[in-house]
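The structure under discussion appears below in the form of structure tokens.
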Amino acid sequence: MSDLRDLYQEVILDHSKNPRNFGHIDPANREAKGHNPLCGDQLRIWVLMEDGRIRDVSFEGRGCAISMASASMMTDMLKGRTEAEAEEIFNRFHAVVTGEQDIGDDATEDADGGLGKLRALAGVRDYPMRVKCATLAWHALKAALENKGESTVVTE
Ligand code: FES
């Protein structure tokens, strides 16, 4: 079990130190800003939607290791997905990090549409403040997909 914890720790550190898809993609046709009111951290998400799929997605901003790692893994995972698939992953991720769904119940964890490396963030469920860090980028992405543009996302 501690091996798994170490591995997850490593995944989070790797993605927070070397975030994937960091920067402003151009062209992009959706964007939104995410704001965590508890700490003041903000990030911005850009999405290029084509034929109902996320062709490209990127982010910029500042935040703690958890928020940066989550944004990095999220952008990695969602490229090529349809809007419906992205929403499904969002819902599953949200349920896991808030503790609504036990991680062991996620039978599709490594299948297409499963959480994959995002499971590394499941530990935040024990720390309510950190749940907001882990979901910051996701709420911004949801706002971008819903075309809410500049709207600030207040994490729950
Ligand atoms: Fe601000 Fe985590 S402390 S996003």
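Output yes when any residue across segment 89-97 is polar (S, T, N, Q) and modelled with pLDDT of 95 or more, and no when none is. No - not one qualifying residue is present in segment 89-97.
Which residues, counting only those in segment 59-90, are of a type in the set (S, T, N, Q), under 16 Å from residue 142 (Cβ atoms) and within 11 Å of the chain's Cα centre (by Cα)? If the condition is that a residue be of a type in the set (S, T, N, Q), under 16 Å from residue 142 (Cβ atoms) and within 11 Å of the chain's Cα centre (by Cα), then 67, 70, 75 are the ones that fit. Just one of (1) without any contact (Cβ under 8 Å) to a residue 60 or more places away in the chain; (2) within 16 Å of the ligand (Cβ to nearest atom) fails for residue 25. It is (2).
When you scan segment 1-32, how many residues do you find that are surrounded by 11 or more Cβ atoms within 10 Å (Cβ to Cβ), of a type in the set (A, V, I, L, M) and part of a helix (DSSP H, G or I)? Final tally of qualifying residues: 4. Residues considered: 135, 82, 75. Of these, the only one that is surrounded by fewer than 16 Cβ atoms within 10 Å (Cβ to Cβ) and either modelled with pLDDT of 90 or more or more than 16 Å from the ligand (Cβ to nearest atom) (or both) is 82. Each residue in segment 36-52 was checked for being within 16 Å of the ligand (Cβ to nearest atom) and in a loop (DSSP other than H, G, I, E, B), and 6 pass. Quick check on segment 54-61. Is at least one of its residues loosely packed, with under 14 Cβ neighbours inside 10 Å and of a type in the set (S, T, N, Q)? Looking through segment 54-61, none of the residues is loosely packed, with under 14 Cβ neighbours inside 10 Å and of a type in the set (S, T, N, Q).
For segment 86-105, the count of residues that are within 16 Å of the ligand (Cβ to nearest atom), among the polar types (S, T, N, Q) and part of a loop (DSSP other than H, G, I, E, B) is nonzero.
The values are calculated or read from the model by the stated rules, or taken from the named source; none is laboratory data. No experiment lies behind these values; they were computed from the predicted model shown. Cβ: placed from backbone, ideal geometry, glycine included. Neighbour counts: every protein chain shown.
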